[in-house]
Structures are given as C-alpha cells and as structure tokens.
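This report refers to the structure that appears directly beneath it.
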Amino acid sequence: VFESRGFNERGRRPRDERGGAGGGAGGVRAGLGGRGGRGRVLRALGGELRPIEREELWGLVQQGGTALGTGRSSQFEEEEEGKEKALGRLREAGVGGMVVIGGGGSLSGGLELHERGLPTVGVPATIDNDIPGTELSVGVDTALNTAVTVIDRIKDTATAQRRAMVVEVLGRDSGYLAVMSAIAGGADATMVPEFEAKPQELLDLLNESYEKGKPRFTVVVAEGASPTAGEFCDFVNEAGGGYQADLTTLGHIQSGGTPTAFDRILAARLGAAAVGALADDASGVMVGLSGDEIRRVPLEEVAGEKRKLDPGLYRLAGVLSALPE
Ligand code: F6P
C-alpha cells in the first residue's frame with residue numbers, strides 16, 4: 001500500500017556511492033492495485049487507495065515486476081509520522097489486514113504495522129534470499145535461472161576467445177545468488193561477502209588452469225564481495241598472464257522478467273498461506289518454505305535478521321570447480 005517512487009527519495013544511496021552492495025532497503029511494499037496497470041505509481045501515503053477488481057488480476061501470473069507500482073518508502077521507514085500517516089490512510093480506506101510482500105525492509109515494516117494494531121502477514125520476496133525462516137524467497141529462482149542463462153552464453157564466448165570471464169551478480173550483502181549460479185553455471189570459482197576471497201590464489205588457479213589447457217575460466221562474484229568483480233578483473237589484467245579478463249555486470253537483468261514455474265507456484269502457495277493466516281487471526285507472522293511445507297514464523301524472528309549462507313554450498317561450488325587433471 002505504501003510506495004515512494006516519485007513521492008519522495010528512495011532511501012538508498014546511489015549504487016556508485018555504495019561501494020558494492022551496501023544500502024539498506026526500507027519500507028513496505030504491498031497493497032491495493034490501480035486500474036492504471038503496470039508502471040502506474042500508487043501513492044498510498046498520499047491517499048491513493050482503492051479496491052482491485054478481479055479482472056485486473058488476469059494475466060498477472062506470467063508477468064515480472066509489480067503491477068501495484070509499489071516500492072520503498074523512506075518516509076515510512078524513517079519517520080514516525082510516516083508510519084502513523086500510512087496507518088491512518090489504511091484505516092480510512094477500511095483495510096482490515098495487510099499481506100506485505102518483500103525483503104528485509106518490507107517485512108520489518110510489516111512488523112511495525114502489526115505492532116500498531118493492523119493485522120499483518122509477511123511473504124518473503126527478494127532475489128537476495130537473505131530472509132530467515134524460509135528456505136527460499138519468491139524471485140530467487142527466476143533470478144538464478146536468468147543468471148545461469150547468461151553465464152552459459154558468456155562461457156561460449158570465453159571458450160571461443162580464451163578469456164577469463166568475471167561475472168557480477170546481484171544479491172546486496174548476500175552471496176546466495178552468486179554461489180548457486182556458480183554451481184548451476186559450472187563456474188570455476190566464486191567470490192562472496194560471507195567468505196574471505198583470496199585473489200592471488202584465484203589468479204594462481206586461473207593461470208594453472210590455462211596452462212593445463214582449459215579453454216576458459218569463469219568467476220561469479222557477488223556484488224557485495226571484496227574485492228569487487230571490477231577490482232578482481234583489473235587485478236587479473238594487471239598481472240598480465242597472457243589472456244584478457246572481461247567483466248560482465250548482470251545488474252537488474254536478474255530482477256525482472258517472466259517468473260519461472262517454480263516461483264509462480266511458490267508465490268501462489270505463500271500467498272494463499274498468508275491469506276489463510278490473516279483469516280485465522282494470526283497477525284505478526286511471515287509464511288515461509290520449510291522442506292515441502294509452508295510454515296508460519298513470527299515476524300519478530302525475521303525483522304532485522306539475515307539468513308546465513310550455507311558453508312556447504314560455498315564449499316560445493318569450490319569442489320565442483322577443481323582443476324582438470
Ligand atoms: O534487494 C534486491 C536487490 O535487487 C539487490 O540484489 C540489489 O543490491 C538491489 O536490490 C538493487 O536495487 P537498487 O537498484 O535500488 O540499488
């Protein structure tokens with residue numbers, strides 16, 4: 001219901017000032033839609049709220065982005081007044097409960113609404129997969145498939161031109177997307193914020209790999225890693241190993257696009273479970289995936305917390321990229 005784009009500033013520093021991933025998300029992004037359709041910006045804090053007609057939902061299952069036009073709101077996140085205003089608008093509009101869909105900032109905002117007495121349930125949705133209480137968030141699978149498709153193509157070029165390819169993927173402070181796309185894309189190495197990167201060791205591995213006749217080398221780097229993908233690329237080129245290192249930054253290619261079937265099904269399951277929780281008067285919970293089941297997790301255990309990257313997956317990415325004999 002709350003959004004900020006074009007309403008006030010987004011509450012994040014521009015990417016080039018963040019030195020990689022940084023920046024905190026904020027606010028709540030969920031709400032009632034507008035007939036204006038895709039791209040229309042709803043200004044709930046300004047009072048633009050109305051019921052959605054059923055037919056407005058037709059066809060949405062195959063679309064990326066948000067038909068609601070919602071986004072981060074620094075006014076909601078940072079100002080007490082903004083929160084009270086939002087709550088007031090919702091009450092005026094007769095909203096009896098909220099399903100808040102989003103990442104860490106959105107779910108923290110959801111907890112605020114719950115604590116202020118508005119029945120609220122969270123649905124985890126972020127390509128970063130850094131939300132605790134769920135094995136997967138909505139959007140991760142689509143972003144991962146996009147990254148892997150691009151990595152496959154980049155590897156074709158790397159083979160043809162005998163280059164070292166450094167691919168930067170999104171994920172903010174989380175290395176999940178990098179590790180999983182390195183495993184699925186058959187990359188030779190990955191660098192993530194959660195584990196110390198060893199650029200010199202990686203360079204040695206790269207050189208050895210080429211000496212042994214491997215036709216390409218691909219490194220997947222999380223945007224929050226240190227060194228950054230760009231710095232590592234420069235480091236390799238400055239070392240002058242006789243081959244060229246190229247940087248590809250995937251950026252927002254990963255955050256849009258047609259959702260995968262897995263994401264559609266996960267979103268449907270979580271959405272239904274969220275409405276079920278509201279119907280059961282179970283406010284203040286997030287619905288999350290645990291094995292094959294959807295479980296309710298207190299929003300208090302989710303807000304402000306980060307899901308840890310499984311060290312086993314990180315190790316697996318390393319094991320699978322061992323040098324050829
Ligand atoms: O949190 C989702 C995410 O796509 C991150 O992976 C990324 O750092 C960020 O949002 C990008 O958003 P913005 O362009 O606003 O920085």
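Considering only residues that are more than 23 Å from residue 307 (Cα to Cα) and either buried (at least 22 other Cβ atoms within 10 Å of the Cβ) or within 16 Å of the ligand (Cβ to nearest atom) (or both), which ones fall in the stretch 159-184?
Correct list: 164, 165, 166, 167.
Which residue pairs have Cβ atoms under 7 Å apart, sit 6 or more places apart or on different chains, and have a first residue in the stretch 254-275 that is of a type in the set (Phe, Trp, Tyr) and a second that is assigned to a helix (DSSP H, G or I)?
Pairs that qualify, where the first residue is of a type in the set (Phe, Trp, Tyr) and the partner is assigned to a helix (DSSP H, G or I), are 262/141.
Residue 294 - would you say it is free of Cβ contacts under 8 Å to residues at least 40 places away in the same chain and among the aliphatic types (A, V, I, L, M)?
Yes; evaluated as a whole, the condition is true for this residue.
From 251, 257, 312, grab the single residue that is loosely packed, with under 14 Cβ neighbours inside 10 Å and either within 16 Å of the ligand (Cβ to nearest atom) or at positive phi (or both).
Every option except 251 fails the conditions.
Within the stretch 75-92, can one find any residue that is polar (S, T, N, Q), surrounded by 23 or more Cβ atoms within 10 Å (Cβ to Cβ) and more than 24 Å from residue 183 (Cα to Cα)?
No, that holds for no residue.
Please tell me if residue 289 is closer than 26 Å to residue 218 by Cβ and either modelled with pLDDT under 95 or buried (at least 19 other Cβ atoms within 10 Å of the Cβ) (or both).
Details: closer than 26 Å to residue 218 by Cβ: no; either modelled with pLDDT under 95 or buried (at least 19 other Cβ atoms within 10 Å of the Cβ) (or both): yes.
Judged against the criteria, residue 289 is not a match.
Cβ contacts < 9 Å: first residue modelled with pLDDT under 90, restricted to the stretch 89-107; second residue assigned to a strand (DSSP E or B), any location; separation 6+ or different chain. Result?
Short answer, once both residue conditions are applied: 90/98.
If only one of 224, 230, 213, 240 is without any contact (Cβ under 8 Å) to a residue 12 or more places away in the chain and not aliphatic (A, V, I, L, M), which one is it? Break it down into steps so the answer makes sense when it comes.
Working: 224 fails: without any contact (Cβ under 8 Å) to a residue 12 or more places away in the chain; 230 fails: without any contact (Cβ under 8 Å) to a residue 12 or more places away in the chain; 213 fails: without any contact (Cβ under 8 Å) to a residue 12 or more places away in the chain.
Criteria check complete, one pass: 240.
If the Cβ limit is 8 Å and pairs must be 6+ apart or interchain, which residue in the stretch 151-171 that is on the phi < 0 side of the Ramachandran plot pairs with which residue that is of a type in the set (Lys, Arg) and more than 16 Å from the ligand (Cβ to nearest atom)?
If the second residue must be of a type in the set (Lys, Arg) and more than 16 Å from the ligand (Cβ to nearest atom), the pairs left are 155/216; 157/163; 158/216; 159/216; 163/216; 164/216; 165/155; 165/216.
Collect the residues in the stretch 260-283 that are out of contact with any Asp or Glu (no Cβ under 7 Å at 6 or more places or on another chain) and buried (at least 19 other Cβ atoms within 10 Å of the Cβ), keeping them in residue-number order.
Correct list: 266, 270, 273, 274, 277, 283.
The values are calculated or read from the model by the stated rules, or taken from the named source; none is laboratory data. This is a predicted model, so every value here is computed, not measured. All Cβ positions, glycine included, derive from the backbone under ideal geometry; neighbour counts span all protein chains shown.
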